[in-house]
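Inspection log for the structure reproduced underneath, given as structure tokens.
The numbers here are math on the coordinates, done by the rules we state, and not lab data. What you are looking at is a predicted structure, and each value in this text was computed from that prediction instead of being measured. With ideal geometry, Cβ positions are generated from the backbone for all residues, glycine too; neighbour counts draw on all protein chains shown.
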Amino acid sequence: MNKGLMIVISGPAGSGKGTVNAHLLATGDFVYSVSATTRAPREGEIDGVNYHYITKEEFLSRIESGDMLEYTEYCGNFYGTPKKEAEEVLASGKNLILEIEVEGARNVKARYPEAILILLLPPTFAVQEARLRGRATETEEKILERLARTKEELAFADAYDYVVYNHDGCDREAAQEIQAILQAERATLRRNAGVAERYFAN
């Protein structure tokens, strides 16, 4: 009953994941999952904050021992969610946020069916494009690449349990909606086995 919930939050570029997650973390009820990777740290990145930086040999060993909830290989480097750290957070009663892409989300659900998969989206594809262009931080090629990636990922939208729309200026409301989802999940009978036995126990 006191165990935390595992929440996977996925969303395309421009969905506002970072801002929404920041609101959740500020409540004190959530912990952000720090992924492990075999790539070298970039300038300014901190081990244990941005990523857990480990060797390829150690990463493969963790895969072999089943200590990765999910993992993927991208551009010659491995990225994944350490299982031990995740379980420690859940055992503490805190909710664990995994901000990962569709492939990772599906892998988590396969290994941890109790995980709650939430798809965070801008209200429309047109709004997403406007947000990306409004940043003025990326090339036209990169923007088109991100938009194409969104179409690929949304083909797997049915793998998620919930969708939350992050309207302009409403990131706090989106975070509150996610909190409401978790509150409802905690009340489901599948998470409250033995209700009758406990009811008549006293």
Label-reachable residues, the stretch 175-192, where backbone N falls under 14 Å from a point 7 Å from T19's Cα toward its Cβ: 175-176
Theoretical FRET efficiency, 1/(1+(r/R0)^6), r = Cβ-Cβ of F125 and D29, R0 35 Å, to 0.05: 0.65
Equivalent ellipsoid semi-axes - Cα gyration tensor, the chain, angstrom: 29, 24, 15
Coil-residue GluC sites (Glu not before Pro) of the stretch 114-202, DSSP, other Cβ within 10 Å capped at 16: E114, E138
Separation between Cα centres of the stretch 16-36 and the stretch 183-199, rounded to whole Å: 26
Debye, to nearest 20: dipole size of the chain, +1 on Lys, Arg Cβ, -1 on Asp, Glu Cβ: 420
Normalised contact order of the chain, rounded percent, pairs of Cα under 8 Å and 6 or more residues apart: 30
